[in-house]
Every structure is written in C-alpha cells, then in structure tokens.
Amino acid sequence: MKKIKSENQILIMLAFFSISMGLWENFRQLWLQDNGFSATNISNIISIGTLISVIGIMFVGKYIKLEKLKGFVSCSLIIKFLNLIFLLNLNNKGNINLINISVVLDVLTGYLVTTSIYPLITTIVKNNTIYSKRKLTEYLFKDIGILIGGILIGKNIIGILINYNVCLFISIIFLAIPIIVMFNMSACRNIDSKQSGNISIIKYILKSKLQVIYIIYSFIGAMAMSTALGLKMLTLTNYFEFTDSQSTNYLLIVGLLADLIGILALKYFTPKNDYITITIKFGIRFVSYVLAFLSNNIIITLIAMTWSILISTSYENICDGYYINRVENKYQLTFTNFRYVVRYLGEAVGVFLCGVMYEIGLKYMFGLSAFFLIFQIWLAYYLIYLRRKEEYI
C-alpha cells in the first residue's frame, strides 16, 4: 500500500466500506421485518440510531483532532465489524432488545465513518476534484453492494440459500477489507497545525448569513427526502408489491442511472442560471410529489419516487459544493461534522415521520414531503441570491 497515494488508499477503503454498507443497508429493513419488527418499529429504531449518531459526531468534532482521525476511523470500523458479527448471530433468536441495541450501534458506526472520510482526506489534499471523487466513490460502490445483493438474494449456492442473514455475512467480509487498508495506510502528513481546536463552529457559522441559511436548508432538505424515501425497501415490497429481488434491482438500476445523470449533469447539463438548476432538481420533485398525493395512484407515485432518486446526486456543486469549499481549512473538520449533525437530525425526524405516514397511507408520505419541499426550494433560491450578492461586494 506504500506505493499508493494516501488519498487513494482512503478512497479504496471507502469503496469496500460502501460495498458493505450498500449490501447490508439495502436488506436491513427486511431483515428487521423478518425478525418481527413493524414499519413503525423500524423507523423508530433507525431514527434513534441517527439521533445518537448526531451526539457521536458532535463528540468527534469537539474532542477528536485531525492527527487522531485515522485511529478513530480504524476503531469505528473494528467496532462495526464486531457488532455485525453479533447481529448476525441474533437472527431469529427473538432477542428484540439486543437487536435494537445492535442496530443502533450499526447506524452509529456507519455514520461516524462516513462523516470522517472527507476530513481525513483533507489532511492530505483538499480540492473540488477530490471532493467529487469521494462522493462518486461512495455512491458508485454502494450501488455495487446493492448489485451483489440483487444477484445473490434467493439463490441456492453450494447448498446454501442466500437470505438476508447470509447477505449480512457477506457484507461483514467486505467490511474486513477497509480495516486491513486502514492499518496499512500511510500516516496523514499535512495536518494543519492551525485547526480551529476549541473555537466554536457555531460562532463561525453565525458570522455568515449565507452559512446560517445553508445549515437550515440542509436540515429541511434531509427531512423532506427522508419523509418520502426513508423506508424505500418496505415501501417497494409492501405497497408496490415488488419482491425483494425486484426491489433490489429497481434501486440498483435507478441508483446507477442517478450516478450517470449526476456525472453528465455536472459536465454537460448544468444550466448557466442557478435558479433554473434548483427548479430542475427540486421543482419537478415537488410537482411529482403533489401529483402522487392528489391522485393516490401507484404508478404516479412510483414515477415520483423514481425521479427523486434519479436527480438526487445531480447538481451537488450548486446545492452544496460552494458552501462547503468556502470554509477555511482550519474549520473544515468541525464544519463538516456540524453539517452532518444537522443533516442527520433532519434524516432522523424524516424517517420517524415516514414511519408514521407509512401506517396512515402511502400518499401521505409524499404529501408531507412536498410540504417540506416548499421551504427547501425557497431557501435554495434565497441562498443563490445571497451568494450572488456576496460575489458582487
């Protein structure tokens, strides 16, 4: 591994970690359902795990310095690895409380590793290209994990029926590789000795109206997305009556197309007017969600869901990139962690609301999400206005 650049070693680690996450998280909801959990139970436990992750990320931002980040990520991977082995052995044992604890720990360690990747990379190099590579690596290899699950689920291989628990076992194998990579990775070399330390990131954000609005926008955006799509696998299998294999293949195909659209949009199809870009990304989603709510039609709802996933990775340079890269290096770790805290709080609220709406009816998931989208779109337009105003000063 010494001949491979440190930033590429991190991307290799992220690739195998994402395969593991994509494979397991795709079936986690169905695994829990097989172990006696209702949709509401599942949304609640994922929400609790996400909320606890927020506390964990805040801890990292306050107490884990950049020079200690590599060791922290390695420890988080090991804990996640051991916890998944424990969860594997809880299958069909009826130990609901232990499963609850294990799933919360699984969500927590997954978020801690994910949020630490880009700050870890910035200890080596920081530019828009490496940021895009990090995002693309995560998206692409999560889809590869979904592909592996879609190919294997339900198959009988050498006398072994590939079920949700076997997929969990395979994801554990993939998770072992990032641990090996981290232990063989070169030490991070460009630590900024002037990193913010105990300086409050909140005070830093409050100095800029643009960043304050962006943080609010991030929260509402995450909540809107999770309210509609927080329980995708359960929605596809129970409401749309897809099989687990069909649901996996659907998410895989749409996810890969979303990656492709994101790349093409960045290179060829980004409008010169940012207001038009926001309208394409969120305006069409809003209209489709409203139609899904008003019509209560399965086909229209599936189209709305599909468009939302297809456009999800597009135009991140307009929606997020500018606000992230304008942050000074010494605040990068704490700002990244704070941004994830806000985003995951939004996701936690959204997944909880998704579970509540799921029990009432499919159309209410999309109707409530459309309501939140009104505020998200307004904030996105306002951010563009503030950004342009700032550029002219």
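In loop segments of segment 65-169 as defined by DSSP, the trypsin sites (Lys or Arg not before Pro) with at most 13 further C-beta atoms inside 10 Å of their C-beta are K65, K93, K155.
Using the Cβ-Cβ distance between Y275 and N97 with R0 = 56 Å, the FRET efficiency computed as 1/(1 + (r/R0)^6) comes to roughly 0.65.
Note the full-extension length gain between I284 and A176 as 0.36 nm times their separation in residues minus their Cα-Cα distance, in nm to one decimal. Numbers along the way, then the final one.
Working: separation 108, 0.36 × 108 = 38.88 nm, distance 4.11 nm.
Roughly 34.8 nm would be gained on extension.
Per the Debye calculation on segment 334-379 with a single equal scatterer at every Cα and no solvent contribution, log₁₀ I(q)/I(0) for q = 0.14, 0.19, 0.29, 0.31 Å⁻¹ amounts to -0.42, -0.68, -1.00, -1.03. For F86, the accessible surface of its heavy atoms amounts to roughly 90 Å² (probe 1.4 Å, protein chains only, rounded to the nearest 10).
The Cα trace of segment 58-113 gives Rg and Dmax of 13.4, 43 Å, the first to one decimal, the second as a whole number.
Computed over segment 143-185, the quotient of the alpha carbon radius of gyration and 2.2 N^0.38 Å is 1.36. Ranking F371, Y118, A222 by Cα position along the charge dipole of the chain, where only Lys, Arg, Asp and Glu carry charges on their C-beta atoms, puts Y118 farthest toward the positive end.
Using the beta-carbon distance between K209 and S295 and R0 = 35 Å, what value does 1/(1 + (r/R0)^6) give for FRET efficiency, to the nearest 0.05?
About 0.30, to the nearest 0.05.
Computed on the Cα trace of the chain, the radius of gyration divided by the Kirkwood hydrodynamic radius gives Rg/Rh = 0.95.
How much mean residue ellipticity at 222 nm does the chain get from its helices, if each DSSP H run of length 4 or more adds -39500 (n - 2.57) and you divide by all residues, to the nearest 500 deg cm²/dmol? Before the final figure, lay out the partial values.
Values: 15 runs with 292 residues, N = 393.
Helix-only estimate at 222 nm: -25500 deg cm²/dmol.
Applying a threshold of 25 Å to the alpha-carbon distances of K68/K267; K272/K389; K62/K133; K135/K232 flags K68/K267; K62/K133 as lying beyond it. Structure remark: mean-square fluctuation, Gaussian network model of the chain, C-alpha springs under 10 Å; the largest value among T243, T235, T109 belongs to T243.
Could you sort D34, D244 by their accessible area in this structure, using a 1.4 Å probe and putting the largest first? Before the final figure, lay out each step's value.
On the way: D34 95, D244 45 Å².
Accessible-area ranking of D34, D244, largest first: D34, D244.
The values are calculated or read from the model by the stated rules, or taken from the named source; none is laboratory data. The shown structure was predicted, so the numbers you read here are calculated from the model rather than taken from an experiment. Neighbour counts run over all protein chains shown; Cβ positions are idealised from the backbone, glycine included. Just the protein is used for accessible areas: all its heavy atoms, side chains included, with ligands, DNA and RNA removed. Shrake-Rupley method; radii C 1.70, N 1.55, O 1.52, S 1.80 Å.
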